[in-house]
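Trainee: Just passing along the structure, written as C-alpha cells.
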Amino acid sequence: MEDQEIKKEVAAAPTSDTKDRLAAAREYAVAQYDKIRRAAAQQLDHVRKYTQDARVQINEGWDVTCTKAKDLHKAGEEYVKAHPTGTVLGGLGLGIIIGLLLGGSRR
C-alpha cells in the first residue's frame, strides 16, 4: 500500500517542466494584461479628446444661435414699432383662426 501512496505523491509533485510552463504562462498573462491596459488607456485618451472637441463645437454653435436669436428679436421689435396696426390685426386674425379650428369641433 505504501508503494502506491508514494507513486501518487511523486506523480502529483510538480516537475521542473511544469514549473517552467507555469512561469511562462504567468509571464504571458502579465504581458497580455499590460498590453490590454495600454490599449485601454490610449482609447480613453481618444474618447476624452473627442468629447472635448465636441464640447467646444457645441459651445460655439450655442453662441452663434444665441446671437441670431437676439438679432431676430431686435428685428421683430423694430417691425412691430414700425407697423403696430398691421401687427395687431395680424395677431387678431391668427387668434380667430386658431379659435375656430379648436372650437369648431364642439358642434
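The values are calculated or read from the model by the stated rules, or taken from the named source; none is laboratory data. Because the structure is predicted, anything quoted here is derived from the model rather than measured. Heads up, the Cβs are rebuilt from the backbone with ideal geometry, glycines too, and the neighbour counts pull from every protein chain shown.
Trainee: Only one residue in 70, 35 is modelled with pLDDT of 95 or more and within 30 Å of residue 88 (Cα to Cα). Which one?
Mentor: 70
Trainee: Kindly list, by first and then second residue, each pair from a residue in the range 63-83 that is touching a residue at least 24 places away in the same chain (Cβ under 8 Å) and outside any helix (DSSP H, G or I) to a residue that is surrounded by 10 or more Cβ atoms within 10 Å (Cβ to Cβ) and not hydroxyl-bearing (Ser, Thr, Tyr), limited to pairs with Cβ atoms under 9 Å and residues at least 6 apart or on different chains.
Mentor: Going by the 9 Å Cβ cut-off, there are no qualifying pairs.
Trainee: May I ask you to verify whether residue 99 is loosely packed, with under 10 Cβ neighbours inside 10 Å, part of a helix (DSSP H, G or I) and of a type in the set (Gly, Ala, Ser)?
Mentor: no
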